[in-house]
Amino acid sequence: MSSKNPRERQMLESIYSMIALVFILVTCVDLCDAATVVDVYRLIQYDISGVPFGSRFATLNHHAGSLHFAPGADLSRTVLVIPVRELNITFVKEYISQRKPLGGLLFLLPQMFNFGNREAATEGKYQIREKELMKTVLAELERLLIHANIPYPVYFAFEDDDIDAVLADVKRSDVSGQPATATTGGYKLVVSAPEPKKIVSPSITNIQGWLPGLKADGDPNQLPTIAIVASYDTFGTAPDLSVGSDSNGSGVVALLELARLFSLLYSNPKTRGRYNLLFGLTSGGPYNYNGTHKWLRSFDQRQRESIDYAICLNSIGSWDNELWIHVSKPPENAFIKQIFEGFSTVAEELGFEVGLKHKKINISNPRVAWEHEQFSKLRVTAATLSELSAAPELLESTGGLSDSRHFINETAIVRSIKLVAESIARHIYGRQGKNIQSFADNTSLAVNSPYIRSWLDLLSKTPRVAPFLSKNDPFVTALKKELEDHTREVNVHHEVLDGMFTLYDSTKAKLNIYQVASVTFDLLLLLVLGSYLIILFTFLVITTRGLDDLISLFRRPPSRKVKTA
Amino acid sequence: MTLFHFFNCAILTFGPHAVYYSATPLSEYDTLGTSIKAALVYLGTALVKLVCLATFLKVSENDSFDPYQELLKALIGFIDVAGLYFALTQLTHRNISQNHKYQAVGLGWAFADSVLHRLAPLWVGARGLEFTWDFILQGLEANANLVFSISLAALGSLMWLRKNKPKTLIPIIYACAGIVATMPSITSYLRKGLGWHFPKVVGFELFTSLVMAFISWQLFSACQRPSS
């Protein structure tokens, strides 16, 4: 019986050691969740005449860190996860302009900007002031990122529960002073994306719709033409998120509605005017209106001379009571005066103001700030109607992240359409100065708000960076079909974007977030397991063979040689 | 790093078998042949069980506990016992004492079980970047399974190989053997019916394995007393 007691004690000891093992392991690493996979969108990468801009890399394989890192810590192998809501723009500016080494950047956008997620997009959770603040912060961030050359990957993601939990964890460990490196565990962010390649021969597609006017019998002269033009493509920090609701979704919607209204008027020969109407949806807007330039060159001299004037629409979706008409011919010019007076009379009747801005064209400067400048270079009278009072810089106001559906005012678009329609109608039918509302509300020619809203919704969900739109892109086909509904003849021209701009692909990827255990944890586990096996071994030897056998394992066998004295 | 984790979990899962073999007198009497034969018998038993499960069992859509299905699984689990019976009695073993026979058979049985059920998930899963506790818990489960197999082999040898047993102990022997044989059904009931999490189930298995080992050891020594 007494021999049982040491054996029982041994068994109890092994139970205790096993419990101790479990406790040691539990204290090392917190119980983890499964790996998370998030959709991420890369910062745009482009060259202007060989000068690189944007983020130059796509693959990511580093530890996650937050903004609470210890000052002076080495971040060259860390990805900083920054929610845009807590963005400190000076910090980012400093990091980028001083070219400090960083493993990567991951910006978290509020769900409000996620056009793919229907419930989040329509949430009215945010107050107007918060939205405006977010918009200004995002706009500044975009301006900074687009014009910088960043030698590490920069990605955008939308906030959701998983990634918020990961960020909270990372912040907690950063605050407690443990930097996340290879030896202390933490989260690892992995994006395996293909190496970004140049997009060869990016295609831009111009769509034009022709609505012929009433030609009097026996009149050999060509009818004059009025053109309404809007560019439909965008350029932004994240090409897969650049939906450009205002720049220039509002312009496209206005053009489609104008086409619809005038097609109604022109369907009856009695109300058909003696002007042809040309509707142009051009591409290549952000790239100095390259598409418009090529489109105009495709016309022959006679057609171009027959254009009386062209109205270009650019960003007419979020103004309150002032619009601007930008021209390049001097305001004293008779044509310009006539057009401007027509517009301002109608505007007065509708209850808002229209101002005139003149910007001279500088032939030596390749920068084309407004679409009408391309017309003016070919001696066609043109003007741009816009809510912007100053000419945008290169790649500015081209529909970036901050340009979302929430900031659009539908009534502004409706009023702009009324303005353009009324002014053009009065010019066509010779009713200048007379107060006749052709497109009044509750008539058959009233501006159709649901139509505008549905097209605006579609535009706000479609990213439209031109080099990423293929020739047969469904959106381009949809625009073509819509114009075919309203106009008589539709032509589609495919061009190649000029060589000054080169864009790179690899814009969307999946981010894998792994919770990793540290090396010390593995070593500790090895130690514990080793000791467990050794204990098990000694226990079994003692219980089955006896203690003497155990000791004999360690004692060397007695030497056979006998030393001679 | 993650290969390191795989190595850790592998030695947790398969180490005790090797340690058991080398520490006990099994290695002295060179009973490796017996263990290998027992492993092969386990392989055959597993194939038969698979065929029966595929034929008789319905695939359930949800993860709930279906008593009828579980009963069927338990009945099929008795094929395990039949296999062990075959390994203990029908195979020709070298002249080794009964004491060592059941240990060798139990060891071979448990080793085959670990390799078949746990090697593949370990190889595929533990090498990934993501860290989970699952593989360590699986290793602990393998340890518990080793103890269970040896206890079951001991009880089996008591039931079928020992002729003179004290009358009072016979029902206890059969009861314990029954419990150990139906242990898989009990654990699946705990996981699905009561909704216990994996760590809790593994803890329960470890505890019961030690208890059953103790009881079967007591029974074995009690049966050995009349003959000594």
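The values are calculated or read from the model by the stated rules, or taken from the named source; none is laboratory data. All of these numbers come straight from a predicted model, not from anything done at the bench. When we count neighbours, we look across all protein chains shown, and the Cβ atoms used for this are built from the backbone with ideal geometry, even at glycine. SASA here: full protein model, heavy atoms, side chains in, ligands and nucleic acids out. Shrake-Rupley method; radii C 1.70, N 1.55, O 1.52, S 1.80 Å.
Restrict the check to segment A:515-530 and report whether at least one residue is in contact (Cβ under 8 Å) with a residue 40 or more places away in the chain, within 14 Å of chain B (Cβ to nearest Cβ) and open to solvent by 50 Å² or more (accessible area, probe 1.4 Å). There is at least one residue in segment A:515-530 that is in contact (Cβ under 8 Å) with a residue 40 or more places away in the chain, within 14 Å of chain B (Cβ to nearest Cβ) and open to solvent by 50 Å² or more (accessible area, probe 1.4 Å).
Of everything in segment B:127-143 that's touching an Asp or Glu at 6+ places or on another chain (Cβ under 9 Å) and hydrophobic (A, V, I, L, M, F, W, C), which residue is nearest to the other protein chains (Cβ to nearest Cβ)? Applying the filter and picking the extreme gives B:Leu140.
Pairing residues of segment A:242-267 that are under 20 Å from A:Val465 (Cβ atoms) with residues that are open to solvent by 10 Å² or more (accessible area, probe 1.4 Å) and assigned to a helix (DSSP H, G or I), at Cβ distances under 6 Å and at least 6 apart in sequence or on separate chains, gives A:Ser245/A:Arg405; A:Val253/A:Trp455.
Residue by residue, here is whether (1) out of contact with any Leu (no Cβ under 9 Å at 6 or more places or on another chain); (2) more than 30 Å from A:Pro202 (Cβ to Cβ); (3) not β-branched (Val, Ile, Thr) holds:
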| site | (1), (2), (3) |
| --- | --- |
| A:Leu445 | no, yes, yes |
| A:Lys461 | yes, no, yes |
| A:Asn491 | yes, no, yes |
| A:Leu497 | no, no, yes |
| A:Lys508 | yes, no, yes |
| A:Leu525 | no, yes, yes |
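Whenever a residue of segment A:346-367 is touching a residue at least 40 places away in the same chain (Cβ under 8 Å) and on the phi > 0 side of the Ramachandran plot, it has no partner that is surrounded by fewer than 11 Cβ atoms within 10 Å (Cβ to Cβ) and among the basic types (Lys, Arg) lying with C-beta atoms less than 8 angstrom away and at least six residues away or across chains. Scan segment B:15-47 for residues that are within 13 Å of another protein chain (Cβ to nearest Cβ), open to solvent by less than 40 Å² (accessible area, probe 1.4 Å) and assigned to a helix (DSSP H, G or I) and the total you get is 6.
Screening A:Glu348, A:Glu396 for residues that are under 21 Å from A:Leu323 (Cβ atoms), open to solvent by 60 Å² or more (accessible area, probe 1.4 Å) and not basic (Lys, Arg) leaves exactly one candidate, A:Glu348. Pull up segment A:472-484, narrow it to residues that are without any contact (Cβ under 8 Å) to a residue 40 or more places away in the chain and surrounded by fewer than 14 Cβ atoms within 10 Å (Cβ to Cβ), then point me to the one that is nearest to the chain's Cα centre (by Cα). Restricting to residues being without any contact (Cβ under 8 Å) to a residue 40 or more places away in the chain and surrounded by fewer than 14 Cβ atoms within 10 Å (Cβ to Cβ), the top hit is A:Pro474.
Is segment A:453-471 home to any residue that is over 22 Å from the mean Cα position of the chain (by Cα) and assigned to a loop (DSSP other than H, G, I, E, B)? Checked against the condition, which is being over 22 Å from the mean Cα position of the chain (by Cα) and assigned to a loop (DSSP other than H, G, I, E, B), segment A:453-471 yields no hits at all. Just one of (1) more than 28 Å from B:Pro67 (Cα to Cα); (2) out of contact with any Gly (no Cβ under 9 Å at 6 or more places or on another chain); (3) open to solvent by less than 40 Å² (accessible area, probe 1.4 Å) fails for B:Thr168. It is (3). Restricting attention to segment A:163-208, which residues are part of a strand (DSSP E or B), small (Gly, Ala, Ser) and at pLDDT 85 or above? Listed by number, the list holds a single entry, A:Ser203.
Quick test for you: out of A:Ala425, A:Ala369, pick the one residue that is part of a loop (DSSP other than H, G, I, E, B) and surrounded by 16 or more Cβ atoms within 10 Å (Cβ to Cβ).
Numbers: A:Ala425 fails: part of a loop (DSSP other than H, G, I, E, B).
The conditions single out A:Ala369.
When segment B:202-215 is limited to residues that are without any contact (Cβ under 8 Å) to a residue 24 or more places away in the chain and of a type outside the set (Gly, Ala, Ser), the one that is nearest to the other protein chains (Cβ to nearest Cβ) turns out to be B:Phe214. Against the numbered list (1) over 19 Å from B:Pro67 (Cα atoms); (2) not in a helix (DSSP H, G or I), B:Val147 comes up short only at (2).
Could you tell me whether any residue of segment B:109-119 is at pLDDT below 80, more than 15 Å from the chain's Cα centre (by Cα) and either under 30 Å from A:Asn512 (Cα atoms) or open to solvent by 20 Å² or more (accessible area, probe 1.4 Å) (or both)? Checked segment B:109-119: no residue is at pLDDT below 80, more than 15 Å from the chain's Cα centre (by Cα) and either under 30 Å from A:Asn512 (Cα atoms) or open to solvent by 20 Å² or more (accessible area, probe 1.4 Å) (or both).
Identify, please: which residue in segment A:202-218 is more than 15 Å from A:Val490 (Cα to Cα) and not aliphatic (A, V, I, L, M) and is, among those, most open to solvent (accessible area, probe 1.4 Å)? Within segment A:202-218, the match that is most open to solvent (accessible area, probe 1.4 Å) is A:Asp217.
Would you point out which residue out of A:Ile413, A:Ile363, A:Ile339, A:Ile408 is out of contact with any Leu (no Cβ under 6 Å at 6 or more places or on another chain), loosely packed, with under 14 Cβ neighbours inside 10 Å and among the β-branched types (Val, Ile, Thr)?
Working: A:Ile413 fails: loosely packed, with under 14 Cβ neighbours inside 10 Å; A:Ile339 fails: loosely packed, with under 14 Cβ neighbours inside 10 Å; A:Ile408 fails: loosely packed, with under 14 Cβ neighbours inside 10 Å.
A:Ile363 is the lone residue from the list that is out of contact with any Leu (no Cβ under 6 Å at 6 or more places or on another chain), loosely packed, with under 14 Cβ neighbours inside 10 Å and among the β-branched types (Val, Ile, Thr).
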